[in-house]
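K.L.:
Have a look at the structure that comes next, please.
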Amino acid sequence: MFRLTRAASPQFVTPITVRVIRHRSDWSTYQGWAWIECYQLDDRGDATARRELYVMPAGMIRQTESPSPVRRKRRTPARRTSVRAEG
């Protein structure tokens with residue numbers, strides 16, 4: 001997984017996280033640039049879009065960890081109380 005910022009390309013004003021599928025070495029580019037196929041990931045690490053991007057590999061930031069999972073509030077079960085029958 002990689003974090004893409006403006007260091008990878010001016011198009012990434014807002015950084016994104018991607019999982020690279022492959023490097024398109026069959027497409028010609030300027031020196032220092034490359035075409036990649038990748039999945040764009042959301043905050044949970046789930047793929048949201050498949051993309052072909054033109055980037056500078058030297059500016060791609062390798063992510064060592066997956067995006068932090070979204071923590072959901074855990075429901076606590078209702079407390080049971082004993083009911084006394086009067087009689």
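The values are calculated or read from the model by the stated rules, or taken from the named source; none is laboratory data. Since we're looking at a predicted model, the values are computed, not measured. Because the Cβ atoms are built from the backbone with ideal geometry, glycine has one as well, and the counts that use them run over all protein chains shown. What goes into the accessible areas is simple: the full protein's heavy atoms, side chains included, and nothing from ligands, DNA or RNA. Shrake-Rupley method; radii C 1.70, N 1.55, O 1.52, S 1.80 Å.
K.L.:
Restricting attention to the stretch 12-43, which residues are touching a Phe, Trp or Tyr at 6+ places or on another chain (Cβ under 8 Å) and surrounded by fewer than 16 Cβ atoms within 10 Å (Cβ to Cβ)?
P.N.:
ARG19, VAL20, ILE21, HIS23, ARG24, TRP27, THR29, TRP33
K.L.:
What are the residues in the stretch 51-64 that are exposed (fewer than 11 other Cβ atoms within 10 Å of the Cβ) and touching a strand residue (DSSP E or B) at 6+ places or on another chain (Cβ under 9 Å), if any? Before the answer, list the steps.
P.N.:
Step one: filter the stretch 51-64 for residues exposed (fewer than 11 other Cβ atoms within 10 Å of the Cβ), giving 58, 62, 64.
The answer is ARG62, and nothing else.
K.L.:
Let me ask something additional. Show the residue pairs that are 6+ apart or on different chains and have beta-carbon atoms under 6 Å apart, the first residue being within the stretch 9-20 and under 9 Å from TYR39 (Cα atoms) and free of Cβ contacts under 8 Å to residues at least 40 places away in the same chain, the second being open to solvent by 50 Å² or more (accessible area, probe 1.4 Å) and part of a strand (DSSP E or B).
P.N.:
ARG19/TYR39
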